[in-house]
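Can you read through this structure? Questions will come right after.
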Amino acid sequence: MDYASLIPVNIITGFLGSGKTTLLQRMLASPQLADSAVLINEFGEVGLDHHLLQTLDEQTVLLQSGCVCCTIRGDLKTAVRDLFSRRERGEVPPFRRLLIETTGLADPSPIIYTILAEPVIQNHFRLGNVVTTVDAVNCLRQFDQYPETVKQVAVADRLVVTKTDLADPEQTSALVAALRRINPAAPLVKSAEDAIEPNDLLVSDVYQADEKMNEVRRWLAEESTRGAPAGADHGHGHAASRNGVSRHAQDIESFCLTFEGSLDWSAFGIWLTMLLNTHGENVLRVKGLLNVQDLATPVVIHGVQHLIHPLVHLDSWPDDDRRSRVVFIVRGLSRERIEASLAAFNRLGESASRTIGEPPAAPATK
Amino acid sequence: MCALCGIVGGGEHWTDGAKDFPGGEGRTRQQERQRRVRMVNKVLAHYGLSLSDWQSSTFVLKSHTGQSAIVPNLTEMWAAAQWMTKRPCDPLDPELIAALERGDTH
């Protein structure tokens, strides 16, 4: 199955009143999204005039693991399956993209999980960019009161800061700094000042053949603009406290682990599956460019909580840097412990290789 | 589902998606699979568990007390391991990290 050929699903999330529907309305006016279907949780004050619009009633089915992020949302499952059946029967136009607008209070994880893991849906759809709207006037306060808002920011592929024309510049700067700490790799636009380009926000993603290199470059650029060497900014704690960021936001830390040399793929897989099994609920995002032993070109890894998306192979390196770089956005997990653990697992590859007569290859963390 | 063994086949797991085989070191997919099992067993030894390959299609996880589970991939293996040991199999556990560093997980 060619993953890139599946119908992309974009999730538009953000707190109540943060401008999700307004953003959607602006984007749907673009001819680029003319053949998109839209699922929304509720009709809000902003009317959407779109030919393929359907509402959802929330109903969740908790899976055996008992983890909130691993729930299949029954309403979404039914709606997406039904929409696809109608598309196949020719009852609705053959839409080529699906947009889902969540409720403001929604934890986006079950929606992401439903798209990635529901047995029927995953054969026809793939996850596209998650776009999170953030209200410049109220968001910092909402971080404190509603932990869902922090999670909505952490899982975003694109951040849209709204109402900057109503907020004072210091307020906006403090918010942008907080957003950067929580999610350094997501490009950020201000809807009152910047152009809203559906192509940049929704269409361009790591599974588009002609865009994946640019997308990875974007991650790396956003990460490097943080200034300090990746990983040196611990993202929360003292710096966050100084800026008055809420405790929910302080719980979330983002960092980038960088490895010299190549990674042993089997060791990395053993380690990451084990980490996600135990701590997946608290690993909000993993994004990385890996230099894998025996491969001349890099592999892109991309995951949300317990789930890793299908891997992407790049045809070449995006720059001269041949190190593996993995960005983690985690809640309450120690960067040092993660780094030490991965280094210890990597050394498993040395002895396993030696038993079949291969030289050791040990990447050193930096 | 395999008509002979009755095992439900799933899609490819992400850990199997990084390489075309034979790899640069000349390993076949099967050799890499066996190498992976050896590496996993170094970690599982810490919990009194062991893994073996079955027909290059699935894995069998066993405990020292005789429990066993058929698991298709590493993700499901860790869930089964946790269920068997009744404790978290945590890669961030300092005792596990120290044991791996010492190389005494055999």
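Return the total of residues in the range A:277-292 being under 12 Å from A:PHE328 (Cα atoms), within 12 Å of chain B (Cβ to nearest Cβ) and aliphatic (A, V, I, L, M).
So the answer is 2.
Every residue in the range A:246-264 that is surrounded by fewer than 24 Cβ atoms within 10 Å (Cβ to Cβ) and within 11 Å of another protein chain (Cβ to nearest Cβ), please.
A:SER262, the sole residue that qualifies.
Considering the range B:50-79 alone, what residues qualify as being closer than 21 Å to A:ALA267 by Cα, without any contact (Cβ under 8 Å) to a residue 60 or more places away in the chain and hydroxyl-bearing (Ser, Thr, Tyr)?
The answer is B:SER50, B:SER52, B:SER56, B:SER57, B:THR58.
Next question. Scan (1) crowded, with 20+ Cβ neighbours inside 10 Å; (2) at pLDDT below 90; (3) not basic (Lys, Arg) for the single condition A:ASP135 breaks and write down its number.
A:ASP135 satisfies all of (1) crowded, with 20+ Cβ neighbours inside 10 Å; (2) at pLDDT below 90; (3) not basic (Lys, Arg) except (2).
Within the range B:55-67, is there a residue that is within 11 Å of chain A (Cβ to nearest Cβ), open to solvent by less than 60 Å² (accessible area, probe 1.4 Å) and either in contact with a Pro (Cβ under 9 Å, 6 or more places away or on another chain) or at pLDDT 95 or above (or both)?
Let us first name the residues in the range B:55-67 that are within 11 Å of chain A (Cβ to nearest Cβ), namely none.
Checked against the condition, which is being within 11 Å of chain A (Cβ to nearest Cβ), open to solvent by less than 60 Å² (accessible area, probe 1.4 Å) and either in contact with a Pro (Cβ under 9 Å, 6 or more places away or on another chain) or at pLDDT 95 or above (or both), the range B:55-67 yields no hits at all.
Look at the range B:18-42 and say how many of its residues are within 7 Å of chain A (Cβ to nearest Cβ), open to solvent by less than 50 Å² (accessible area, probe 1.4 Å) and at pLDDT 75 or above.
Matching residues across the range B:18-42 total 6.
Taking the range B:71-106, which residues are surrounded by fewer than 15 Cβ atoms within 10 Å (Cβ to Cβ) and either among the small types (Gly, Ala, Ser) or in contact with a strand residue (DSSP E or B) (Cβ under 7 Å, 6 or more places away or on another chain) (or both)?
The answer is B:ALA98, B:GLY103.
Using the structure shown, decide if A:GLN54 is open to solvent by 10 Å² or more (accessible area, probe 1.4 Å), at pLDDT below 70 and in a strand (DSSP E or B).
yes
Which residue pairs have Cβ atoms closer than 7 Å, lie 6 or more positions apart in sequence or on different chains, and pair a first residue in the range A:320-336 that is without any contact (Cβ under 8 Å) to a residue 60 or more places away in the chain with a second residue that is open to solvent by 20 Å² or more (accessible area, probe 1.4 Å)?
Close Cβ pairs (under 7 Å, with a partner that is open to solvent by 20 Å² or more (accessible area, probe 1.4 Å)) amount to A:ARG322/A:ASN291.
Let's see how each residue does on (1) in a loop (DSSP other than H, G, I, E, B); (2) touching a Phe, Trp or Tyr at 6+ places or on another chain (Cβ under 8 Å); (3) under 23 Å from A:ASN199 (Cβ atoms):
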site: A:GLU88; (1), (2), (3): no, no, no
site: A:LEU99; (1), (2), (3): no, no, yes
site: A:ILE115; (1), (2), (3): no, yes, yes
site: A:GLN122; (1), (2), (3): no, no, no
site: A:VAL131; (1), (2), (3): no, no, yes
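Follow-up question, since we're still on this one. Can you find even one residue in the range A:205-226 that is open to solvent by less than 40 Å² (accessible area, probe 1.4 Å) and either over 18 Å from the mean Cα position of the chain (by Cα) or modelled with pLDDT of 90 or more (or both)?
no
Still on this model: Hey, any hits in the range A:98-113 for a residue that's surrounded by fewer than 21 Cβ atoms within 10 Å (Cβ to Cβ) and farther than 27 Å from A:LEU16 by Cβ?
No, the range A:98-113 contains no residue that is surrounded by fewer than 21 Cβ atoms within 10 Å (Cβ to Cβ) and farther than 27 Å from A:LEU16 by Cβ.
Of A:ARG126, A:ARG96, which residue is within 14 Å of another protein chain (Cβ to nearest Cβ) and touching a residue at least 24 places away in the same chain (Cβ under 8 Å)?
Going through A:ARG126, A:ARG96 in turn, just one is within 14 Å of another protein chain (Cβ to nearest Cβ) and touching a residue at least 24 places away in the same chain (Cβ under 8 Å): A:ARG126.
Scan the range B:80-94 and report the pairs whose first residue is more than 15 Å from A:ILE270 (Cβ to Cβ) and whose second residue is assigned to a loop (DSSP other than H, G, I, E, B) and open to solvent by 30 Å² or more (accessible area, probe 1.4 Å), with Cβ atoms within less than 8 Å and a gap of 6+ or a chain change.
B:MET84/B:GLN67
Do we find that B:GLY11 is at the interface with another protein chain (Cβ under 8 Å from one of its Cβ atoms), out of contact with any Ser or Thr (no Cβ under 9 Å at 6 or more places or on another chain) and at pLDDT below 95 in this structure?
Judged against the criteria, B:GLY11 is a match.
Any idea how many residues of the range A:311-334 are within 11 Å of chain B (Cβ to nearest Cβ), open to solvent by less than 50 Å² (accessible area, probe 1.4 Å) and not aliphatic (A, V, I, L, M)?
1
Inspect all residues belonging to the range A:180-189 and state whether any of them is in contact (Cβ under 8 Å) with a residue 60 or more places away in the chain and part of a helix (DSSP H, G or I).
Yes - at least one qualifying residue is present in the range A:180-189.
The values are calculated or read from the model by the stated rules, or taken from the named source; none is laboratory data. Computed from a prediction, not measured in an experiment: that's the story for all the values here. Glycine also receives a Cβ, built like all others from the backbone with ideal geometry; neighbour counts cover every protein chain displayed. Quick note on the areas: whole protein, heavy atoms, side chains included, nothing else; ligands and nucleic acids left out. Shrake-Rupley method; radii C 1.70, N 1.55, O 1.52, S 1.80 Å.
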